[in-house]
Structure formats: C-alpha cells, structure tokens
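Report on the structure given below.
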Amino acid sequence: MGELTFLDRIEQTTGAPALRAESYRLLALAPGDTCVDVACGAGHAVCELTRAQIKTIGVDADPDAIAVARSRAPDAMFHVAHSDQLPLEDESVDGYRAARLFHLLADPLPTLHEAHRVLRPGGRAVLVGQDYGFLLIDGSDQDLTDVVLLGLESCSVAPRAARSYRDLLLDTGFRDAEVLVRNEVITDHRLMAKQLEGAAAAAVEKALITRDDASEWLADQADRGRRDRFLAILPTLLVAATR
C-alpha cells in the first residue's frame, strides 16, 4: 500500500486538481461520452469525470488501487488489467487518459497501440507525466544536487519518457498533437523530504556519490527548508492527440 499512499498524496497536493482539470479539457468530452483512465490509481480522476456525467472506466494493474478507487467512485466501472492488455472492445471509448504511467514502462508502444485500438475515430488521448530530466532543485552545491537528481532518475524505468509523448502518439497514428507544460513550484521542504531521501539513497546505491555526500546534501536541503530557502520546480507535460 506504500506506493498507493504516495500516489494518493500526490493527487491531493495544491496543484493536482488544476492539473487534472487541464487533462479533462484536453480530452474535450461531453456528458454521455465514455472515457478510460489507465493507471487510474486511487481513482481521483475517475471520480471527477463520473461527476461530470462521463461514463468512466478505471484500469489499474494493482488490485489494492482498484479497491480504493471503487470506494471513491462507486458508479464507475473498474478493471484490474495492464495498460497493454485493456479489457475493452475496439473503438469503444471517446477518451483515453493516462497519468504517471509511461515512466514505468520499458516499452511504451504496446500501451500506445492499445490506446489507438480502443479509441473511436475522432477520440482524444491525453498523456500526463513528469520528465525527471527537467526537475529543478536549488542547492548550495549545485553540482552535487545535479548528481543526486541522476539518482532520482535511476528509480524509474523510463524517467525521461514524457519528452517523447508527442513522438509516440504521432508514430502510433494519432494526429494534431498538442503539448502543454505546467510547472509546480514547491517551497515547503516537508512536501519533498521523502523524495529527497530516496533520491540521495539511489545516488549512493548507484555509486554516483558517497554516503557522506548524501548526508551533507540532505542536511543542506533540510537547512534550506528551515530558513525558507528550499525550492523545487516540477514540470509536468500534458500531450493530447486525436485518433
């Protein structure tokens, strides 16, 4: 349940509702349309889309996530399934949404082909995700900070997948791709503390830095937090295209 709790926490951050709303705008759905939310997690988007009278299907490979999502959106339909094996008919949905998914995939193409298969002609696909190569954190030793961020990247299978969303959609047969970037500015160190610890630990594990380096860097970030000098900027890409 740890990963689920983390994702639930992300969806409750200050900028998360506006980011979800932007993805719904890009889907361009009308009441009565059908949408699948792939890697739906705890079901925040499924719940909001259902309230907007969109017939919403939540799909996630984690049964625990589906259980939480179902309790949040009891009127929606849910499936435990992988993103490259959707239990949906050909051309059966008007919208396809996938947030924070592609950095977990070694090969994104089977998932994109599934998106193309289940969408009706004229339907919209919207991919949402962070490109960890664009993440910015201020630090007293910026070279050390940059190396620690490489450690953070090593925690994902495809940490820079988001920059390829447009290419992937066009290469899969979608058209009229639209790219948006939304930045989240975080100045509260407490909101990032666990991620910073994970990044430093990963950098040590990959032999990018020493344990002393990691301790020094974490202490500096904590000190910046106490002095109201902490700054992280997290860019999220939203890319939409038409089937």
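Wrap a convex hull around the Cα atoms of segment 141-190, take a quarter of its surface area, and give that in square nanometres.
On the way: hull surface 21.6 nm².
Hull-based average projected area comes out at 5.4 nm².
GLU178 to LEU136: extension gain in nm, 0.36 nm per residue of separation minus the Cα-Cα distance?
Roughly 12.7 nm would be gained on extension.
Have a look at segment 22-91 and give its Rg and Dmax from the Cα atoms, expressed in angstrom.
11.3, 30
Can you list the residues, at least 5 places off or on another chain, whose amide H is less than 5 Å from the amide H of SER140, using H built in the peptide plane?
none
For the chain, what % of the accessible area comes from carbon and sulfur atoms, probe 1.4 Å? If you can, show how the numbers build up before the last one.
Values: 6000 of 11810 Å².
Exposed carbon and sulfur together represent 51 percent of the surface.
Can you bin every Cα-Cα distance in segment 95-243 into 10 Å intervals starting at zero and give me the percent of pairs per bin, rounded to whole numbers?
Taking all Cα pairs of segment 95-243, the binned fractions are 11, 36, 26, 18, 8, 1 percent.
Could you work out how far apart the two model spin labels at ALA222 and ARG160 are, taking each label as a point 7 Å from the Cα in the direction of the beta carbon, and quote it in nm?
Here the answer is 3.3 nm between the modelled labels.
Note down the magnitude of the dipole of segment 101-182 about its Cα centre, charges +1 on Lys and Arg C-beta and -1 on Asp and Glu C-beta and zero elsewhere, to the nearest 20 debye. Could the numbers behind the result be given before it?
On the way: 8 positive and 12 negative charges, 127 e Å.
Value, rounded to 20: 620 debye.
Go through 225-232, 131-138 and give me the packing order, highest mean Cβ count within 10 Å leading.
On the way: 225-232: 14.6, 131-138: 17.8.
By packing density, highest mean first, the sequence is 131-138, 225-232.
Which angle between 0 and 90 degrees, to the nearest 10, do you get for helix 63-72 versus the longest principal axis of the chain when only C-alpha atoms count?
So the inclination is approximately 70 degrees.
Find how much the distance from ASP64 to GLU205 grows on full extension, using 0.36 nm per residue of separation minus their present alpha carbon separation; answer in nm with one decimal.
Numbers: separation 141, 0.36 × 141 = 50.76 nm, distance 2.93 nm.
Length gained, ASP64 through GLU205: 47.8 nm.
Just need log10 I(q)/I(0) for segment 48-154 at q = 0.18, 0.20, 0.22 Å⁻¹, Debye formula, equal scatterers on the alpha-carbon atoms, no solvent, rounded to two decimals.
-0.94, -1.08, -1.22
Can I get the semi-axes of segment 109-196's equivalent ellipsoid? Compute them from the C-alpha gyration tensor as square roots of 5 times the eigenvalues, in angstrom, largest first.
Details: eigenvalues 216, 37, 25 Å².
With the √(5λ) rule applied to segment 109-196, the semi-axes are 33, 14, 11 Å.
Fully extended, how many nm does the chain gain between HIS82 and ALA193 (0.36 nm per residue separation, minus their Cα-Cα distance)? Present the calculation step by step, with values, prior to reporting the outcome.
Details: separation 111, 0.36 × 111 = 39.96 nm, distance 3.08 nm.
Stretched out fully, the HIS82 to ALA193 stretch lengthens by 36.9 nm.
The values are calculated or read from the model by the stated rules, or taken from the named source; none is laboratory data. This is a predicted model, so every value here is computed, not measured. Neighbour counts are summed over all protein chains in view; Cβ atoms, including those assigned to glycine, are modelled from backbone coordinates with ideal geometry. With ligands, DNA and RNA removed, areas are computed over all heavy atoms of the protein, side chains included. Shrake-Rupley method; radii C 1.70, N 1.55, O 1.52, S 1.80 Å.
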